[in-house]
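A quick write-up on the structure given underneath.
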Amino acid sequence: MAKLLSSPQIEKIVAKKKSGEKITMIAAYDYPFALLADRADADIILVGDSLANVVLGLEKTKDVTMDEMIHHAKAVRRAVKDALVVGDMPFESYQNDGKTAVLSAQRFIKEAGCDAVKMEWSDRCPLLTREIRAAGIPVMGHVGLTPQTAEQLGGLKVQGKDADSARRIIQNALELEAFGCFSMVLECVPAPLAKMITKKLSIPTIGIGAGVYCDGQVLVLHDILGLSTGKNPKFVKQYAHLYDQVLSAITNFREDVQTSRFPDAEHSYSMSPEELQKLTTHNED
Ligand code: KIV
């Protein structure tokens, strides 16, 4: 295994694998939600490229641009005091050549203040990982289902269900570790495969739809909160149902405005009768 780029936060996260303490990662994209995730003691806040569909209303994660990612990563950085902030390298910001990959990773660190970057697997990723690390930037890997290249994988489907494809995913994870990733996302793979990968790697695995044996788990904050629209994947567990609550709050506000119940005296500013009198008199002159 390549020597890990050291920072106290990364060391703490890697040490959790050895101690068996589970790692929590949350995908969040803005100041208020990143602040809450940090206050709730999440280890890692990922500014995921899921920003595309979760927040920007785009169809695919591929549709988000580097500038949009940086804009949101900056907001997250302003909110987070303790957690590791990881910027997710968007489609076409790294796949084509090492120079572009390093420049994109540097933007996440220098412009947005992130602590590390994440890249989805492609054949070039091991070498790109080495180049980005050589620029002093820690890299998180991502294998299994890689949404940026989902078309080539038969869609947003569980990966590694047969022995051959499972072996390939194990190989990819081992290669990324050897080239210097400090942790690895395992997305949508069978739990027994994630268990094997977790045993083989000395860096932590962080699962999403990859079962309980990973060293940590990641979910999109909007999914945890029940704020997402549409059908959730099987692996999502909602811990609140904010969609209904937010809809009802906004509906109540609209009804109060229409019926002049809002603003009432409690939410309005008053003026002393004397001043009001002076004003009225003055205005009548
Ligand atoms: O963008 C994202 O939210 C992710 C997680 C699914 C790991 O990459």
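Could you name every one of the helices (runs of 4 or more DSSP H) located completely within the range 187-285 that has at least 3 residues being closer than 30 Å to Leu58 by Cα?
The qualifying helices (runs of 4 or more DSSP H) are 221-224, 242-258.
Quick one: count up the residues across the range 16-41 that are closer than 23 Å to Ala75 by Cβ and more than 16 Å from the ligand (Cβ to nearest atom).
8
Based on what the data block shows, is Val76 within 16 Å of the ligand (Cβ to nearest atom), outside any helix (DSSP H, G or I), under 15 Å from the mean Cα position of the chain (by Cα) and closer than 19 Å to Met25 by Cβ?
no
What single numbered condition from (1) surrounded by fewer than 10 Cβ atoms within 10 Å (Cβ to Cβ); (2) closer than 30 Å to Asn53 by Cβ; (3) among the β-branched types (Val, Ile, Thr) fails to hold for Thr281?
Only one criterion in (1) surrounded by fewer than 10 Cβ atoms within 10 Å (Cβ to Cβ); (2) closer than 30 Å to Asn53 by Cβ; (3) among the β-branched types (Val, Ile, Thr) is unmet by Thr281, namely (2).
Across the range 60-119, which residue is farthest from Ala150 (Cα to Cα) among those that are acidic (Asp, Glu) and surrounded by fewer than 23 Cβ atoms within 10 Å (Cβ to Cβ)?
For the range 60-119, the residue satisfying everything is Asp82.
Of everything in the range 42-54 that's within 8 Å of the ligand (Cβ to nearest atom) and part of a helix (DSSP H, G or I), which residue is most open to solvent (accessible area, probe 1.4 Å)?
If we take residues in the range 42-54 being within 8 Å of the ligand (Cβ to nearest atom) and part of a helix (DSSP H, G or I), then Val54 is most open to solvent (accessible area, probe 1.4 Å).
Give the residues of the range 138-165 that are of a type outside the set (A, V, I, L, M), away from the ligand (no atom under 12 Å from the Cβ) and at negative phi, sorted by residue number.
Scanning the range 138-165 gives Pro138, Thr149, Glu151, Gln152, Lys157, Gln159, Lys161, Asp162, Asp164, Ser165.
How many residues are over 24 Å from Ser6 (Cβ atoms), more than 21 Å from the chain's Cα centre (by Cα) and open to solvent by 20 Å² or more (accessible area, probe 1.4 Å) when one looks only at the range 172-198?
6
Which condition number does His142 fail, the rest of (1) touching a strand residue (DSSP E or B) at 6+ places or on another chain (Cβ under 7 Å); (2) outside any loop (DSSP other than H, G, I, E, B); (3) over 22 Å from Val14 (Cβ atoms) being met?
Among (1) touching a strand residue (DSSP E or B) at 6+ places or on another chain (Cβ under 7 Å); (2) outside any loop (DSSP other than H, G, I, E, B); (3) over 22 Å from Val14 (Cβ atoms), His142 violates only (3).
(1) without any contact (Cβ under 8 Å) to a residue 12 or more places away in the chain; (2) aliphatic (A, V, I, L, M); (3) buried (at least 23 other Cβ atoms within 10 Å of the Cβ): which one isn't true of Val257, the others all being true?
It fails just one condition, (3).
Return yes or no: is Gly113 free of Cβ contacts under 8 Å to residues at least 60 places away in the same chain, away from the ligand (no atom under 16 Å from the Cβ) and assigned to a loop (DSSP other than H, G, I, E, B)?
yes
Could you tell me how many of the residues in the range 120-171 are within 19 Å of Met196 (Cα to Cα) and either open to solvent by 30 Å² or more (accessible area, probe 1.4 Å) or basic (Lys, Arg) (or both)?
Adding up the residues that qualify gives 9.
For the structure I just gave you, tell me whether Ser260 is on the phi > 0 side of the Ramachandran plot and modelled with pLDDT of 95 or more.
yes
Of all residues in the range 1-36 being part of a helix (DSSP H, G or I) and touching a helix residue (DSSP H, G or I) at 6+ places or on another chain (Cβ under 6 Å), which is surrounded by the fewest Cβ atoms within 10 Å (Cβ to Cβ)?
Taking the candidates together, the pick is Tyr31.
The values are calculated or read from the model by the stated rules, or taken from the named source; none is laboratory data. Source: prediction; values computed, not measured. Cβ: placed from backbone, ideal geometry, glycine included. Neighbour counts: every protein chain shown. To get the accessible areas, we keep the full protein, side chains included, count just its heavy atoms, and leave off ligands, DNA and RNA. Shrake-Rupley method; radii C 1.70, N 1.55, O 1.52, S 1.80 Å.
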